[in-house]
1. Using a 7 Å offset from the Cα along the Cα-to-Cβ direction at both VAL289 and MET69, what is the distance between the two label points in nm, to one decimal?
2. Using the Karplus curve 6.51 cos²θ - 1.76 cosθ + 1.60 with θ = phi - 60°, work out ³J(HN,Hα) for each residue of the range 40-47 in order, rounded to whole Hz, and write x for Gly and Pro.
3. Quick one: net charge of SER360's neighbours, Cβ under 11 Å, K/R +1, D/E -1?
4. All other residues with a Cβ under 12 Å from the Cβ of GLU333 taken together, and with Lys, Arg as +1 and Asp, Glu as -1, what is their net charge?
5. Using a 10 angstrom cutoff on alpha carbons, build the Gaussian network for the chain and name the most mobile of SER265, SER170, SER65.
6. What would the Debye formula give as log10 I(q)/I(0) at q = 0.18, 0.21 Å⁻¹ for the alpha-carbon point model of the range 195-347, no solvent?
7. Only Cα pairs within less than 10 Å get springs; with that Gaussian network setup on the chain, which residue of GLN308, GLN157, GLN82 has the largest fluctuation?
8. Among the GluC sites (Glu not before Pro) within the range 279-352, which fall in a DSSP loop and have no more than 15 other Cβ atoms within 10 Å of their own Cβ?
Amino acid sequence: MLPSEKVKQLLFILLLFVISFHSSAQNKSVKSNHIRISFNGKKFDRLNLITTVEGNIKRSFSGYSKDGMAWDFAYPDSLYEQIRYFDINNKNDADTSANTITLSTITGADTVLCGSCHFSRGDVALNASFLKINTYTGMRFLKKNGTEGSRTELENQFFIGQVKDRQLLSSMEGIKIRYSYFYKVSGTYEESLKKYITLTQKYPDSYGLVAGLAGRLNYYKSTDDVAAVFNLFSPKIKASYYGKEIARNLAFNHFDNAMLKPWNSDTPEAIVTDPNKPSLVVFSASWCVPCHKQLPIVKELKQNLGDQLDVVYISIDDKNTLANWKKMTEAAEIPGRSLLAIDQMEQIRKKYFVQTIPYSFLVYPGGKLEVINVSIEADKQKIYKFINKGSK
């Protein structure tokens, strides 16, 4: 063998070693968390761990089991702080029935449970005993291709005797009091707020609670109420992904304009076109029932205030429902200008903190911004009073 060929051979072997070492180092750097649950008394052929993050984006991770009862679910640790909640199920678009998992326990005199739960970071081990199945027929769902399906869902409820995972406990107790929802609860807004404050004081390190707060900021009557809850979280949670989002929202008091396409043109235009006039910016969608119920209120505002108030609707319809929104606009059902967020959906949602709809804010001359819910009489009156029109 010629000397040059030996050198080439050595270089080739060295290259293979470097590639192998780099690949091995990469694999070791990808840290995974594990949720290991023994579902005693019930076997499953297939189960998946579903993580839901900001924007309702879901990722599925297949579970592993040798006997159908002891399951191991692994997911990347890098995803943890962005997770709003975890689900365990075996839903599939092609299935006519699906199993979902609900975990329950007893705290004090209360039974608490969760289907959409939160777990501690790292490795978690739980021992659960089968209780019962609740059957729900005709459950409609949206398939990956955008079409609608229907199936029977079997809710498998399991009991955990003693839950040591405080992240799981906080999510269970949060669901019981409908943390940060303020509706479908007994009592007043003030009573619910007090419950949320108490639970946050109990679990100041809860990633699940801070994610819940971040996703329901629009349900609070004021930023002061949001701050009253948020300030009870630990420094670690305030510095987490959703903690930073909430802090940014609390500082959200000045409008930063953006360009969007109108419903009938490909030429983008500014959301606020006249900075010297108040603008009511409303986020909505064709499929949103509460948005439809709010339309007459916005129409009344526009009719009474005329050119003194600009009304701008921003549709967050996707490609599957956008045609319906355009039909609504063409039929003059939308009071004011109609813009589309479809090409910048995630950027717009994040920029303006659009978590639920309907969602609206008033942009004052000069750019000051205030989140407004026109369905609340006091908020609606703020618009009238600013323009000095008086209540209609």
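Laboratory data are not the source of any read-out in this text; all were calculated from the coordinates shown. Quantities reported herein were computed from a predicted structural model and do not represent experimental measurements. Cβ sites come from the backbone with ideal geometry, for glycine too, and all protein chains shown count toward neighbours.
1. Each label point is offset 7 Å from its Cα along the Cβ direction, giving 4.2 nm.
2. Listing the rounded values in order: 5, x, 8, 9, 10, 7, 8, 9 Hz.
3. For residues surrounding SER360, the net value is -1.
4. Local charge sum for GLU333: +2.
5. It is SER265.
6. Each listed q corresponds, in turn, to -1.09, -1.24.
7. Looking only at GLN308, GLN157, GLN82, the largest GNM fluctuation is found for GLN308.
8. Within the range 279-352, the qualifying GluC sites (Glu not before Pro) (loop, at most 15 other Cβ atoms within 10 Å) are GLU333.
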